[in-house]
Amino acid sequence: MHLNPIVKKDVKVQSRSMKICWGIFAYELILALVFFLAMLVIQQNSIYSGGQNIYNAMVWLYPILAVTQLVILGIVVPVRTAASISGEKERQTFDIMMTTSMTPFSVILGKVMTAIVQSMFYVVAGMPIMALPFIIGGMSWSSLFWFLGVALLVSVFSASIGILCSSICRKSISAVIMSYGIYLIFFLGTGLPYLIYQLVIAANNSYGYVQSGSGDNLLLLLLLNPAVYLLEFFAEVMIGESVAASMLGTMSSTQPGGLVRLAASEGRWLIISTVVFLAVIFLFLWLAARRIDPVRQHRRRQSMKSKA
Amino acid sequence: MLRIDHLYKNYGKFQAVSDLSLHIPQGDLFGFVGPNGAGKTTTIRMVCGLMKPSAGAISINGMDALAHRKDIKRQIGYVPDFFGVYDNLKVKEYMDFYGSMYRMGSKEIEKIADDLLELVNLSDKKEVFVDTLSRGMKQRLCVARALIHNPALLILDEPNSGLDPRARVEMKELLLNLQSMGKTIVISSHILSELSEMCTSIGIMDRGRLVAAGRIEDIMEGVFGSNGLVITLEEGRETAVRIAKENPRVKLESVGEQEIRLSHTMTKQEVSKLIGEMIAKDVVVTGFHKQEGSLETLFMSVTGDGDARKGEKEDASEPHR
């Protein structure tokens with residue numbers, strides 16, 4: 001099998017740097033701090049709730065540590081990938097790369113895979129701490145592998161945002177800022193419209209107005225919301241229920257139909273949301289590949305100038 | 001080998017390259033000459049597939065460069081004007097990285113890389129990190145890298161800029177060596193003396209246009225129109241001038257204290273006859289030689305007055321650089 005040369009080179013080059021060692025150290029340190037903080041809170045709760053079995057509460061270390069790791073990945077991966085293409089341009093190695101047999105898409109794929117490999121370094125390094133709730137009991141080991149899957153998805157999603165911004169921006173710093181901007185759009189932009197819509201309905205209902213129309217299309221946006229995705233994932237793993245399904249049932253004043261109805265049915269939200277995220281990832285990678293293709297890029301610039 | 005037909009590159013209203021047609025035969029060492037902003041790099045980038053032409057066609061070995069981009073990439077080795085390096089990458093890993101980009105196997109890369117590093121005199125630097133090499137070494141390594149997939153055409157954009165004299169000589173020797181191996185080489189530069197020493201043919205670009213192309217001697221012949229002759233003498237200057245003026249195929253260029261410069265369209269025999277006539281009429285001729293035109297003089301006469309173009313150069317700076 002022919003390993004993507006960019007992955008091979010980047011992983012080798014970055015492994016020789018002390019940055020990765022310090023990165024893993026910081027990652028472990030944060031996880032350890034969160035772990036001890038969570039343990040302290042669980043212990044305090046146990047005391048104040050009259051000697052409740054502390055081991056029952058320890059299963060909550062799983063979502064706490066998992067979310068911590070996913071947040072770190074969500075922050076670190078875009079930074080890494082946002083500097084990848086723009087970094088090549090800054091180093092002036094990009095042109096040479098584009099004159100080789102590598103296609104723009106394989107260059108993009110190589111950069112994304114490097115980011116995934118790196119993020120998996122972190123996740124695997126965090127496994128011993130992550131495994132503690134499983135040792136104590138109350139959680140199935142499959143949950144750990146599901147977490148690995150979600151961590152992979154978060155990494156790929158973050159990397160695709162980073163690489164798209166890297167292909168757009170000339171400077172790495174601009175690409176990083178733009179990446180976080182897009183992240184924010186996914187977190188807030190996909191959730192706020194529905195939230196506002198529900199608040200308006202709630203306000204109207206309290207004044208006795210009858211609300212016409214539905215917010216089903218806004219609901220679909222939530223399929224792209226990483227926070228809702230993670231909430232759904234942990235609810236499924238921890239309590240075996242779909243938060244999305246119950247949320248749709250209670251929040252929507254109308255009967256949802258089509259894709260929303262399908263998504264709201266038990267256990268389907270996560271699958272549909274995953275597919276939607278994968279489609280977005282592919283779209284971002286495809287756009288990034290088009291952006292770095294020198295021939296297409298100049299054709300676009302030229303047509304823009306001729307229009308002007 | 002490389003054929004360019006009516007190539008254009010426009011940036012809005014500005015024409016970076018205009019109606020460029022060129023044919024470079026197999027095994028040629030072709031020098032692209034021109035002032036900054038003349039369109040050399042733009043042309044090179046279009047040939048390498050790093051830029052799409054606004055119009056025109058580029059073909060390499062009869063294959064259309066735009067229609068067969070993937071195949072064309074295997075036929076070109078590109079050395080840019082700036083050598084970017086990756087930190088923490090050794091010379092042999094650098095070669096391996098670029099070799100694998102052409103989907104070559106590790107053993108094949110290792111063998112070819114060894115040969116190439118020997119060719120560029122870097123065999124002893126295999127285990128050295130690339131960023132610790134001198135600029136000259138890096139440039140030679142870049143040439144070795146560009147040859148890893150055995151391309152038929154090697155394109156170098158200002159390879160000697162920023163190199164010290166020794167590194168320039170080494171680079172020149174390397175390129176001549178590669179040419180003797182049958183590689184077709186296109187090199188852009190504005191260091192004219194070096195190009196005149198090694199190039200078999202040149203193309204002079206000015207304001208996006210190819211103003212002259214071909215063998216240096218042929219271009220000089222075409223531009224200067226006649227041969228130059230310098231006659232040095234001790235006595236009889238007036239007589240020599242009179243004899244020269246009487247000959248309809250001779251044009252007097254300048255008359256110095258002990259030197260007469262003239263241009264002519266005579267054959268070698270006629271030149272000997274002219275000198276003999278002068279000697280017969282008591283002119284003491286101490287020597288004579290053919291006046292050689294330099295690439296610099298050729299460049300200046302083809303591209304026009306430098307001062308008048310200063311303002312234009314600023315406008316003509318290539319937008320992608």
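The values are calculated or read from the model by the stated rules, or taken from the named source; none is laboratory data. What you see is a predicted model, and the numbers here were worked out from it, not measured in a lab. No Cβ is skipped: glycine too gets one built from the backbone with ideal geometry, and neighbour counts run over all protein chains shown. Please note that ligands, DNA and RNA were not included when accessible areas were found on the heavy atoms of the full protein model with its side chains. Shrake-Rupley method; radii C 1.70, N 1.55, O 1.52, S 1.80 Å.
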(message) Condition first: open to solvent by 10 Å² or more (accessible area, probe 1.4 Å) and away from chain A (no Cβ under 12 Å). Now tell me which residues in region B:148-157 satisfy that.
(response) B:N150, B:A152
(request) Could you grab me the full set of residues in region B:118-137 that are open to solvent by less than 10 Å² (accessible area, probe 1.4 Å) and assigned to a loop (DSSP other than H, G, I, E, B)? (result) B:V120, B:L122
(message) Can you tell me which condition A:V112 does not meet? The list is (1) more than 30 Å from B:I72 (Cα to Cα); (2) within 19 Å of the chain's Cα centre (by Cα), and all the others hold.
(response) (1)
(message) Can you go through A:E28, A:E88 and tell me which one is in contact (Cβ under 8 Å) with a residue 60 or more places away in the chain and either farther than 23 Å from A:Y183 by Cα or charged (D, E, K, R) (or both)?
(response) A:E28
(message) Considering only residues that are over 29 Å from B:N150 (Cβ atoms) and not aliphatic (A, V, I, L, M), which ones fall in region B:199-210?
(response) B:D206, B:R207, B:G208, B:R209
(request) Go through region B:77-97 and count every residue that is open to solvent by 10 Å² or more (accessible area, probe 1.4 Å), at pLDDT 90 or above and either within 29 Å of B:S59 (Cβ to Cβ) or at the interface with another protein chain (Cβ under 9 Å from one of its Cβ atoms) (or both). (result) 2
(message) Take the residues in region B:183-198 that are at pLDDT 85 or above and of a type outside the set (G, A, S); name whichever of them is farthest from B:P151 (Cα to Cα).
(response) B:I187
(request) Can you give me the number of residues within region A:57-108 that are part of a helix (DSSP H, G or I), in contact with a strand residue (DSSP E or B) (Cβ under 8 Å, 6 or more places away or on another chain) and among the β-branched types (V, I, T)? (result) 1
(request) Go through (1) within 14 Å of chain B (Cβ to nearest Cβ); (2) of a type in the set (A, V, I, L, M, F, W, C); (3) surrounded by 16 or more Cβ atoms within 10 Å (Cβ to Cβ); (4) touching a residue at least 60 places away in the same chain (Cβ under 8 Å) one by one and return the number of the condition A:I20 breaks. (result) (3)
(request) Mind listing whichever residues of region B:44-58 are under 20 Å from B:I204 (Cα atoms) and not β-branched (V, I, T)? (result) B:R45, B:M46, B:C48, B:P53, B:G56, B:A57
(request) Determine which member of the set B:R74, B:R140, B:R103 is within 27 Å of the chain's Cα centre (by Cα), open to solvent by 40 Å² or more (accessible area, probe 1.4 Å) and either among the basic types (K, R) or away from every other protein chain (no Cβ under 13 Å) (or both). (result) B:R74
(request) Just give me the residues in region A:61-108 being open to solvent by 20 Å² or more (accessible area, probe 1.4 Å) and within 15 Å of the chain's Cα centre (by Cα), in sequence order. (result) A:V67, A:T68, A:V71, A:I72, A:I75, A:V76, A:V79, A:R80
(request) Looking at (1) open to solvent by 20 Å² or more (accessible area, probe 1.4 Å); (2) assigned to a helix (DSSP H, G or I); (3) within 11 Å of chain A (Cβ to nearest Cβ), find the lone condition where B:E108 falls short. (result) (3)
(request) Tell me which of these A:G149 doesn't satisfy, since it passes every other one: (1) free of Cβ contacts under 8 Å to residues at least 40 places away in the same chain; (2) open to solvent by 30 Å² or more (accessible area, probe 1.4 Å); (3) within 30 Å of B:R74 (Cβ to Cβ). (result) (3)
(request) Working only within region B:1-50, note down all residues that are outside any strand (DSSP E or B), farther than 24 Å from B:A67 by Cα, touching a Lys or Arg at 6+ places or on another chain (Cβ under 6 Å) and open to solvent by less than 10 Å² (accessible area, probe 1.4 Å). (result) B:G34
(message) Residue under question is B:D157, and the condition is that it be modelled with pLDDT of 85 or more, within 11 Å of the chain's Cα centre (by Cα) and more than 16 Å from B:Q26 (Cα to Cα); does it hold?
(response) yes
(message) Just to be sure before I move on: is A:L132 open to solvent by 20 Å² or more (accessible area, probe 1.4 Å), closer than 23 Å to A:L29 by Cα and not aromatic (F, W, Y) in the structure I sent?
(response) yes
(request) Quickly run through region B:59-71 and pick out the residues that are more than 7 Å from chain A (Cβ to nearest Cβ) and either more than 27 Å from B:G208 (Cα to Cα) or in contact (Cβ under 8 Å) with a residue 60 or more places away in the chain (or both). (result) B:I60, B:N61, B:D71
(request) Return yes or no: is A:K111 open to solvent by less than 40 Å² (accessible area, probe 1.4 Å), within 14 Å of another protein chain (Cβ to nearest Cβ) and part of a helix (DSSP H, G or I)? (result) yes
(message) Just to be sure I understand, how many residues within region A:253-308 are small (G, A, S), modelled with pLDDT under 90 and open to solvent by less than 30 Å² (accessible area, probe 1.4 Å)?
(response) 4
